[in-house]
1. For segment 42-53, does any single residue satisfy the condition of being open to solvent by 50 Å² or more (accessible area, probe 1.4 Å) and in contact (Cβ under 8 Å) with a residue 40 or more places away in the chain?
2. Would segment 90-101 turn up any residue that is surrounded by fewer than 17 Cβ atoms within 10 Å (Cβ to Cβ), basic (Lys, Arg), at negative phi and assigned to a helix (DSSP H, G or I)?
3. Evaluate segment 109-116: report whether one residue or more is surrounded by 16 or more Cβ atoms within 10 Å (Cβ to Cβ) and aromatic (Phe, Trp, Tyr).
4. So, of the residues in segment 64-74 that are of a type in the set (A, V, I, L, M) and open to solvent by less than 90 Å² (accessible area, probe 1.4 Å), which turns out to be farthest from Leu155 (Cα to Cα)?
5. Within segment 23-33, identify whether any single residue is in contact (Cβ under 8 Å) with a residue 40 or more places away in the chain, in contact with a Gly (Cβ under 7 Å, 6 or more places away or on another chain) and more than 19 Å from Leu155 (Cβ to Cβ), and answer yes or no.
6. Please go through (1) under 15 Å from Met34 (Cα atoms); (2) in contact with a Ser or Thr (Cβ under 7 Å, 6 or more places away or on another chain); (3) touching a residue at least 60 places away in the same chain (Cβ under 8 Å) for Gln90 and return the number of the only condition it doesn't satisfy.
7. Assess whether Val77 counts as being within 17 Å of Met34 (Cα to Cα), open to solvent by 70 Å² or more (accessible area, probe 1.4 Å), in a helix (DSSP H, G or I) and modelled with pLDDT of 85 or more.
8. In segment 130-150, what residues are part of a helix (DSSP H, G or I) and without any contact (Cβ under 8 Å) to a residue 24 or more places away in the chain?
Amino acid sequence: MRASDKHGSDAKGAESRALRILSQAVTYLTGGAMALSAAATLVCLILIGWSVVMRYFFNAAPVWVDELVGHLLVAIVMLAVAQTFRRGEQIAVDILVERLTARGKRLAMLWAALVTGLVAVVLVYSGWTSTVLAHTLGLVTEGHLEWPVWWLMILMPLGGALLLLAAIETAWRVCTHQTLEFGSPNSEVAAGDAP
């Protein structure tokens with residue numbers, strides 16, 4: 001969600017410099033994370049296709065592909081979650097939110113940002129403590145790859161930190177009545193009108 005450059009600020013006030021800087025940072029960070037998530041998705045597609053061809057045509061399926069795809073799935077989810085939230089593509093009960101007044105919609109969006117921020121804090125804290133513990137104990141994954149577990153665990157606080165930044169940006173925009181712009185060009189809404 002970013003302030004709209006096409007339509008300027010809404011009647012409540014101009015976007016502050018600090019919010020603009022935060023928004024740009026969050027845009028670049030979550031965009032980069034989403035690009036890595038998309039790349040990991042393509043790698044999974046290629047690996048699974050290759051594994052199927054090897055299994056059914058050459059009777060020589062690589063045993064490590066399923067394991068690697070499972071690990072990449074963690075990266076896909078944790079790297080994409082913040083951008084998904086920023087675009088307003090998270091699971092929501094639209095039928096209820098659509099019936100709210102503009103003020104009610106703004107409060108619902110603020111509530112969503114606050115709850116998302118709380119979940120992000122839990123992800124950061126528990127993910128970081130788990131990562132440190134796994135690193136300290138030298139834990140490795142079970143199976144053929146036997147990678148250090150902390151390589152996977154570090155994705156939780158990373159994704160949580162990105163999600164927390166997106167939640168802070170959303171809450172700030174809602175509280176200052178700034179325009180929110182979701183993924184598609186036709187989906188720009190005022191902070192009080194967003195789902």
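The values are calculated or read from the model by the stated rules, or taken from the named source; none is laboratory data. As the structure is a computational prediction, the values presented were derived from the model and not from experiment. We place every Cβ from the backbone using ideal geometry, glycine too, and count neighbours over all the protein chains shown. For the accessible areas, the whole protein counts, side chains as well, though only heavy atoms, and no ligand, DNA or RNA atoms are used. Shrake-Rupley method; radii C 1.70, N 1.55, O 1.52, S 1.80 Å.
1. No, that holds for no residue.
2. Among the residues of segment 90-101, not one is surrounded by fewer than 17 Cβ atoms within 10 Å (Cβ to Cβ), basic (Lys, Arg), at negative phi and assigned to a helix (DSSP H, G or I), which makes the answer no.
3. no
4. So the residue we want is Val65.
5. No: segment 23-33 contains no residue that is in contact (Cβ under 8 Å) with a residue 40 or more places away in the chain, in contact with a Gly (Cβ under 7 Å, 6 or more places away or on another chain) and more than 19 Å from Leu155 (Cβ to Cβ).
6. Gln90 satisfies every listed condition except (3).
7. yes
8. Val132, Leu133, Ala134, His135, Thr136, Leu137, Val149, Trp150
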